[in-house]
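Working notes, beginning with the structure itself.
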Amino acid sequence: MAQLYDRVALIGLGLIAGSMFHAIKRAGLAGEVVGYARSAETRDVAREIGLCDRVVDSAAEAVEGADLVMLCVPVGAMGAVAAEVAPALKQGALVSDVGSTKVAVIEAVAPHLPEGVHFIPAHPLAGTEQSGPRSGFAELFDNLWCLFTPLEGTDPDVLARYKSLWNGMGANVDEMDAPHHDLVLAVTSHTPHLIAYTMVGVADDLQRVTDSEVVKYSAAGFRDFTRIAASDPTMWRDVFLSNKEATLEILGRFTEELFALQRAIRTGDGDHLHDYFTRTRAVRRGIIDAGQDTDMPNFGRNAK
């Protein structure tokens, strides 16, 4: 693909920013990628492994002259970072983010941005349980989705170019309003993570099951909860605090469903259980048909 931006600034150098750098370079989408991370240790690692063309020691220096500025920090830090970089942004620059919630990010970031700077909130639905500057890889976004929640009055040319960037990095792009995004993600990501954290916590509390048994026999399903529950704790703390209403709404629905299943088990209602599991199996088939996962046995993992 043709180069879309002369200079891109990545603020925060974790999994998403690292993968963006590699994907941008793979497709030749930017002339220069400049990086900054709050931690000096992270900046040192980034320089050592060649993550970004240039790693600088302040957020303001990173955004200087950048056509695109990506805020790749936990949701709770977005406002402070936006305030820090705002005076150094060039006219006509595009600011975006990769936060998992959108209403809170818009409220935190938009007030700090000067006139003449564009803002298109975004959320790539991609990730692994790994974090840090070494965790990124070019293929992370391939055939996955990046959701845009553009504000009213967004320049269509700026939007089209930014969409081309994500397409060039391998992603599909869709648009929706911010409150709807937060509800969708509460269903597809946030509540499942909370349930995984809870299940791992329950296992930790069960004195009748030894630690060695939990580890040894975890292929029975628990293992997949532990993969999700290994995700970055700062990021997920901020997600739940910033998407409180939608998460609590879906948790309420989850609790109702759980009570209904408890009742079916208690009363021996096999028909209810069978019908419910048939419906949920169809959801899994839909995810596979949409190309968002593999139907290979064991999630495509190599057998041990």
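The values are calculated or read from the model by the stated rules, or taken from the named source; none is laboratory data. Keep in mind that what you see is a predicted model, and the values were worked out from it rather than measured. A quick note on method: Cβ atoms are made from the backbone with ideal geometry, for glycine too, and the neighbour counts reach across all protein chains shown.
Condition check for Q130 on (1) within 13 Å of the chain's Cα centre (by Cα); (2) surrounded by 21 or more Cβ atoms within 10 Å (Cβ to Cβ): one failure, at (2). V105 meets all of the listed conditions (1) touching a Pro at 6+ places or on another chain (Cβ under 7 Å); (2) assigned by TED's automatic domain parsing to the domain that holds G221 but one, namely (2). Looking only at residues that are farther than 15 Å from V103 by Cα and free of Cβ contacts under 8 Å to residues at least 60 places away in the same chain in the stretch 168-187, which one is surrounded by the most Cβ atoms within 10 Å (Cβ to Cβ)? Across the stretch 168-187, the extreme among qualifying residues is A171.
T210 - would you say it is of a type in the set (S, T, Y), modelled with pLDDT under 95 and within 25 Å of the chain's Cα centre (by Cα)? First the steps, then the outcome.
Working: of a type in the set (S, T, Y): yes; modelled with pLDDT under 95: yes; within 25 Å of the chain's Cα centre (by Cα): no.
In short, no.
Counting only residues that are over 16 Å from S96 (Cα atoms), among the hydrophobic types (A, V, I, L, M, F, W, C) and in contact (Cβ under 8 Å) with a residue 60 or more places away in the chain, which one in the stretch 1-28 is surrounded by the fewest Cβ atoms within 10 Å (Cβ to Cβ)? Selected residue: M1.
Give the stretch 251-283 a look and list any residue that's free of Cβ contacts under 8 Å to residues at least 40 places away in the same chain, in the same structural domain as T198 (by TED's automatic domain parsing) and within 23 Å of D182 (Cα to Cα), or say none. Passing the criteria: G252, R253, T255, E256, E257, L258.
The criterion of at least 2 residues that are at pLDDT 95 or above and more than 23 Å from the chain's Cα centre (by Cα) is met, among helices (runs of 4 or more DSSP H) falling completely within the stretch 17-89, by 40-49, 59-63.
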